[in-house]
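Below: one structure, written as structure tokens.
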Ligand code: VL7
């Protein structure tokens, strides 16, 4: 029985987000706005189904998926790429691979205490975000 990521999580730290945006070819003006955003994750986990909303004052992004089933992801409003995306459990960590134009792209989510961690990676760049649970 895997752990439950469901809840609302508020960003506390966002390390190396600038380099992550650069490697995704996000333009300078967008990066200047995005770097200052506080992102909120709203996660709904229901058995093997997962919805992850990333919310901000500038743009929102949402995916819905079934664990273990590859799906077509279009990163609309982000880098606008088409990906073949697959999310699986690796112990209590959610591990995502995003196959597409960019090599070694994906992310990992895990929980430590009351903190939600997210590692976003692409090529040789890793962005580490930490969120705290909203009461
Ligand atoms: C999604 C953005 C940079 C464009 C706008 C920034 C708006 C708020 O993939 C992600 O999350 C996964 C795991 O939780 C679930 O989809 C991260 C945000 C990263 C990448 C691109 C900058 C423009 C930020 C949507």
Residues of the range 69-79 satisfying the condition of being over 15 Å from the mean Cα position of the chain (by Cα) and either away from the ligand (no atom under 14 Å from the Cβ) or in a loop (DSSP other than H, G, I, E, B) (or both): 69, 70
Residue 85 more than 17 Å from residue 110 (Cα to Cα), without any contact (Cβ under 8 Å) to a residue 24 or more places away in the chain and touching a strand residue (DSSP E or B) at 6+ places or on another chain (Cβ under 8 Å): yes
Residue that is outside any loop (DSSP other than H, G, I, E, B), under 16 Å from the mean Cα position of the chain (by Cα), farther than 21 Å from residue 6 by Cα and within 13 Å of the ligand (Cβ to nearest atom), where the choices are 62, 18, 119: 18
Residue, surrounded by the fewest Cβ atoms within 10 Å (Cβ to Cβ), within the range 45-59, restricted to residues that are in a strand (DSSP E or B) and more than 10 Å from the ligand (Cβ to nearest atom): 46
Failed condition for residue 99, given (1) surrounded by 14 or more Cβ atoms within 10 Å (Cβ to Cβ); (2) within 23 Å of residue 36 (Cα to Cα): (2)
Which listed residue, of 106, 91, 100, 7, is more than 8 Å from the ligand (Cβ to nearest atom) and free of Cβ contacts under 8 Å to residues at least 12 places away in the same chain: 91
Residue under evaluation residue 42, criteria (1) more than 9 Å from the ligand (Cβ to nearest atom); (2) assigned to a loop (DSSP other than H, G, I, E, B); (3) surrounded by 13 or more Cβ atoms within 10 Å (Cβ to Cβ), criterion not met: (2)
Residue identified as assigned to a loop (DSSP other than H, G, I, E, B) and closer than 26 Å to residue 123 by Cβ among 33, 26: 26
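Could you identify the single residue in 34, 47 that is modelled with pLDDT under 95 and over 17 Å from residue 134 (Cα atoms)?
Just a single option satisfies the conditions, and that option is 47.
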Considering residues of the range 103-125 that are touching a helix residue (DSSP H, G or I) at 6+ places or on another chain (Cβ under 9 Å) and surrounded by fewer than 17 Cβ atoms within 10 Å (Cβ to Cβ) only, the residue farthest from residue 74 (Cα to Cα): 124
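The values are calculated or read from the model by the stated rules, or taken from the named source; none is laboratory data. Small disclaimer: the values here were computed from a predicted structure and weren't measured. All Cβ positions, glycine included, derive from the backbone under ideal geometry; neighbour counts span all protein chains shown.
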